[in-house]
């Protein structure tokens, strides 16, 4: 649920999730025999192990993903959400300042005096 930037307001996120879980369990879960709960990675692994599924072994490379011949998702699973946010904002500022500098450089009405 969500991506790197969805947990910046955890109180609001979990309050909304609580409402969704409660609504589902009271209105849909009863007739579908499904119950939504908060879980942990160990609960998930235990539930999968209880299914006794024999998973295939993958021997070739898994990464990077590619959408087409020239689009690769090499950083898709990286962490450090704050660093990615800082870099995104810094990159926007850099590109904006470059554009403003270029416009000022070609503006013939601006004098150096």
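The values are calculated or read from the model by the stated rules, or taken from the named source; none is laboratory data. On a predicted model such as this, the values are computed, not experimentally measured, just so you know. Neighbour counts run over all protein chains shown; Cβ positions are idealised from the backbone, glycine included.
Some points to look at:
- Test: residue in the stretch 4-26 that is modelled with pLDDT of 90 or more, surrounded by 10 or more Cβ atoms within 10 Å (Cβ to Cβ), out of contact with any strand residue (DSSP E or B) (no Cβ under 8 Å at 6 or more places or on another chain) and outside any helix (DSSP H, G or I): no
- Entry remark, the stretch 42-60: residues being modelled with pLDDT under 90 and outside any loop (DSSP other than H, G, I, E, B) number 0 in total.
- Of all residues in the stretch 85-113, those that are on the phi < 0 side of the Ramachandran plot and at pLDDT below 90 have Cβ atoms under 9 Å from Cβ atoms of residues that are assigned to a helix (DSSP H, G or I) and exposed (fewer than 10 other Cβ atoms within 10 Å of the Cβ), 6 or more apart or on another chain, in 110/104.
- Long-range neighbours under 7 Å by Cβ, at least six apart or interchain, first residue without any contact (Cβ under 8 Å) to a residue 24 or more places away in the chain within the stretch 36-61, second part of a helix (DSSP H, G or I): 36/21; 36/24; 36/25; 36/29
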